[in-house]
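Here is the structure we will look at, set down as structure tokens.
No lab work stands behind these numbers, since they all come straight from the coordinates. Values in this document were obtained by computation on a predicted structure and should not be read as measured data. All Cβ positions, even for glycine, are placed from backbone atoms using ideal geometry, and neighbour counts span all protein chains on display.
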Amino acid sequence: MGLATVIIRPAIVYGPGDINGMMLKMLKLIKEKKYRLIGTGENLAPFVYIDDLVKAFIKALTCPNNTSYE
């Protein structure tokens, strides 16, 4: 039996109180027409709301072994 592990890799986290985060920086660049697209512009950005991230951490900490969640 191996060690039970959970990997959570949040990318761009946003939410209340986020005054220096990536979301605001990106919106400012777009407003100032300084934002540069990479690729075709159809790329997806992995944003996650802070409340959802906290729920994921709690679920990971309380998840019994051999149980998977979607």
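Values as computed for the structure displayed
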{"item": "Mean ellipticity per residue at 222 nm, deg cm²/dmol - from DSSP H runs of n ≥ 4 across the chain, formula -39500 (n - 2.57)", "result": "-10000 deg cm²/dmol"}
{"item": "Residue among T5, T62, L24 farthest towards the positive dipole end of the chain, charges placed on Cβ", "result": "L24"}
{"item": "FRET efficiency estimate (nearest 0.05) - Cβ-Cβ, N20 to N43, R0 22 angstrom", "result": "0.40"}
{"item": "Those lysines that a straight Cα-Cα span of less than 17 Å connects to K25, excepting residues fewer than 8 apart in one chain", "result": "K33, K34"}
{"item": "Peptides ranked, highest mean first, by Cβ atoms within 10 Å: ranges 13-25, 35-47", "result": "13-25, 35-47"}
{"item": "Length-normalised contact order of the chain in % [C-alpha pairs under 8 Å, at least 6 apart]", "result": "45 percent"}
{"item": "Global geometry of the stretch 1-42, whether rounded, prolate or oblate, following the gyration tensor of its Cα atoms and the 1.5 cut on a/c", "result": "oblate"}
{"item": "Globularity ratio of the chain, using Cα Rg and 2.2 N^0.38 Å", "result": "1.52"}
{"item": "Distance in nm between pseudo-label sites at I58 and I8 (7 Å out along the Cβ direction from Cα)", "result": "1.1 nm"}
